[in-house]
Amino acid sequence: IDQRTRLVACGAASNGVGTVHDVATVCAAAQQMSDGRAMSFVDAVHYAPHGHLDVQSIGCDFLACSPYKFFGPHAGVLFGKRSLLEQLPADRLDCADNSLPSEANCDMSRWELGTQNFEAMAGVEAAVDYVAGLGPRFGGAEATAGRRERLDAGWRAIAAHEDELKKRFLTGAAGLRGVRLLGVADGERSARRTATFAIAKQGLSSQELAQKLCERGVWCTAGNHYAGFWQAQSGGLATNNERSE
């Protein structure tokens with residue numbers, strides 16, 4: 001990153017091995033090292049179902065995620081700073097509005113073409129309300145509290161539940177002979193990973209391991225899970241076909 005850099009993109013968490021990245025530090029570095037010239041984009045698709053996303057705390061210019069990851073329908077969510085969404089060029093029809101959503105333009109956006117997917121939008125809102133509903137039930141929030149407060153409490157409850165599961169898995173996996181856990185393996189650092197685990201077993205390909213686990217009622221899959229670049233850089237770990245150095 002230097003003064004020529006215009007965009008820094010990073011993932012909030014790895015869907016390959018579950019590692020949570022310090023995206024706030026990355027976004028701050030993007031600004032500092034480029035003298036304010038670089039924009040930051042956070043891919044939060046994998047992190048979204050595991051923790052509360054606060055774009056103000058992260059300090060990003062853009063953030064995207066998929067609601068189907070947190071109980072919603074297949075749709076896309078994009079956060080962008082208003083000043084950038086207003087200024088950046090957008091491909092649109094000549095008859096389309098060239099502003100951001102408002103009552104004056106019937107909530108149409110220069111970044112969306114044609115009729116909006118209202119059914120999916122309703123499903124996304126319902127999914128957010130479901131997570132907010134976990135706040136009073138399991139997170140100690142008052143039922144009359146605002147949605148943001150209930151969401152904070154709901155995500156804390158989810159994080160606490162997942163943290164217990166993560167530590168239990170990490171402790172158990174550490175005692176299995178010939179099993180290698182990829183990513184953060186220290187239970188004391190469980191906050192630096194999601195409850196998504198990638199493992200390798202000595203003597204078995206990833207496909208063979210997945211099949212044997214499924215036969216024993218441990219449902220899993222094999223493959224790169226869209227993390228193609230990580231697979232290419234893993235030295236064979238992603239496919240359990242390690243290169244010797």
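The values are calculated or read from the model by the stated rules, or taken from the named source; none is laboratory data. Predicted model, so just to flag it, every value in this text is computed and none were measured. Glycine also receives a Cβ, built like all others from the backbone with ideal geometry; neighbour counts cover every protein chain displayed. For accessibility, only protein heavy atoms count, side chains too; no ligands or nucleic acids. Shrake-Rupley method; radii C 1.70, N 1.55, O 1.52, S 1.80 Å.
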Given the peptides 88-98, 66-76, arrange them by the average over their residues of other C-beta atoms within 10 Å, most packed first.
-> 66-76, 88-98
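Extension gain residue 215-residue 126, at 0.36 nm per residue separation less the Cα-Cα distance, in nm?
Separation in residues times 0.36 nm, less the Cα-Cα distance, equals 28.5 nm.
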Solvent-accessible area per residue for the chain at a 1.4 Å probe radius, Å²?
-> 62 Å²
Rg/Rh (Cα only; Kirkwood hydrodynamic radius) as it applies to the stretch 19-125 | 1.00
Measuring from the longest principal axis of the C-alpha atoms of the chain, the long axis of helix 118-138 (C-alpha) lies at a number of degrees, nearest 10, equal to 60 degrees
Convex hull volume per residue for the chain, taking Cα atoms only, in Å³ | 183 Å³
Nearest 10 degrees, 0 to 90: helix 23-33 Cα axis against the chain principal axis = 60 degrees
Whole-percent tail of the Cα-Cα distance distribution for the stretch 7-70, cut at 19 Å, equals 27 percent
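In whole percent, and with a 1.4 Å probe on the protein chains, what portion of the accessible area of the chain is carbon and sulfur? Provide the component values of the computation, followed by the final result.
Numbers: 7960 of 15310 Å².
Carbon with sulfur: 52 percent of the solvent-accessible area.
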